[in-house]
Amino acid sequence: MWSGRRLLGAVGGIVACCLVIGFVVGTHRSRAGHQAASDGLRRTTVEVSAGGCGKGWDAPAPGVQVFALHNTSAVSAEAILEDPRDRAVYGEVEDIGPGTTRLLTVRIGTGAYAFACVPEDSDAVTGPTVRVRGGRPGPAAAPVTQHDLIPAALAYQKWVGAGLDKAVRLTTALDDAVRRGDLGAARRSWLPAHLQYERLGAAYDAFGDADGQINATDAGLPGGPRDKDFAGFHRVEYGLWHGQSAHRLRAPTAALRKALTALRDDWAQTRMDPAQLGLRAHEILENTVQFELTGRTDYGSGSNLATARANVDGTREVLSRLHPLLATRYPRLAALDRELDHAARTLDGLRRHGDWPALTRLSRAQREDVDDVLGGLVEQLASVATLCAPLRTV
């Protein structure tokens, strides 16, 4: 999992997402306070510190321009360009190291602006208000607060509770099949149980150590998939598709059932962090691209595409809870829904007679299509993570 830190200001795919929604035209690192204007954009050095926040922007002008955000303090800081009246955000850059400069590119137009500087472990400080006349400003997003996210988190947590109950029932069927020695039935029962757990992806962080007992891989284990500490769905998968006997599988399957049951029973006392919900919506499919579409989590069942499809469902469940917040903040929400539908159809179209093919059975064109569709969704969902991350305020 990624850390829970804000995503905007990171390089690579997240910058591309900011381009899509127009929230921030782009951000990247700089080695100096002023850069040569080879792109023709106006560039202004702005101080980021508790005592001089916003200092340097004394000649405002409309149009697309670059702010060289120079942190003069002794700690890392975040800089946010906002409307001082309603705190709508035009752009932000986080993790500006002491003595370093990061660039923020935005479109400025008629309106009022102010930089808010948020030093590490300190309250935010708002700089002077700057007024611009002429031109059309870029889009701004109303800030999300922790309080805004609580209803979505509670609704999602309730849905996860019901999902865990179903996962326990399906895993019980798997355990029962192993206990009576019917490995054919166990193989048929394994996938529905695993997919049900995979749909709960946004809650993994709240699952804590239990997730390691339920859905871990053999990464880091000296004995690989044969290591005595390898446990959970993938341990059972390895045994079922590598000729292990029912007797040998009874202990790991029973342990899986026990871990899932304990998680379900304790879930009512668990509290998800509302601030992480948008980030988790992005991480579900990010992990899908990183682990499922590369085959790194295949221990014999060849079910990576089925897992990817379950992850699309899981992402949609998170977004449905965030929809009221995104409806007024994310102009591409309808397009994102359509792209999720397209991803689901793309994956469903690979099934033949109800069976999911292994990744190795796909043609190169099919692999590239799946990678492209899900990779594009990951970029879009990074914008959701950004918009749903609560801003620190004064």
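What's the percent breakdown of Cα-Cα distances in the range 78-233 across 10 Å bins, shortest bin first? Going out from 0 Å in 10 Å bins, the range 78-233 shows 9, 23, 19, 16, 17, 12, 4, 1 percent. Considering only the Cα atoms of the chain, their convex hull presents on average a projected area of 21.4 nm². What separates the Cα centres of the range 70-103 and the range 320-372 is a distance of 35 Å. Normalised per residue, the accessible area of the chain is 44 Å², obtained with a 1.4 Å probe and no contribution from ligands, DNA or RNA. For the range 53-199, with all protein chains in place and a probe radius of 1.4 Å, 53% of the accessible heavy-atom surface sits on carbon or sulfur. Under 28 Å of direct C-alpha separation, and excluding same-chain neighbours fewer than eight residues apart, K258 reaches these lysines: K158, K166, K228.
With the Kirkwood sum run over all distinct C-alpha pairs, the range 180-277 has a hydrodynamic radius of 14.4 Å. Counting every pair of alpha carbons in the range 306-394, the share spaced more than 18 Å apart comes to 49 percent. From the phi of every residue in the range 88-95, what ³J(HN,Hα) in whole Hz does the Karplus formula 6.51 cos²θ - 1.76 cosθ + 1.60 yield, where θ is phi - 60° and glycine or proline is x? Listing the rounded values in order: 4, 9, 9, x, 8, 9, 10, 6 Hz. Using only the alpha-carbon atoms, how far is helix 246-266 inclined from the longest principal axis of the chain? Give it as 0 to 90 degrees, nearest 10. Compared with the principal axis, the helix lies near 40 degrees.
The accessible-area ordering, largest first, of the residues W267, W241, W159 stands as W241, W159, W267, per a 1.4 angstrom probe.
Based on DSSP H segments of at least four residues, each scored -39500 (n - 2.57), the chain has a per-residue ellipticity at 222 nm of -14500 deg cm²/dmol. Highest mean packing comes first when the peptides 126-139, 283-296 are listed by Cβ atoms within 10 Å, giving 283-296, 126-139.
The values are calculated or read from the model by the stated rules, or taken from the named source; none is laboratory data. All values derive from a computational prediction rather than experimental measurement. Heads up, the Cβs are rebuilt from the backbone with ideal geometry, glycines too, and the neighbour counts pull from every protein chain shown. Ligands, DNA and RNA are excluded from the accessible area calculation, which covers all protein heavy atoms including side chains. Shrake-Rupley method; radii C 1.70, N 1.55, O 1.52, S 1.80 Å.
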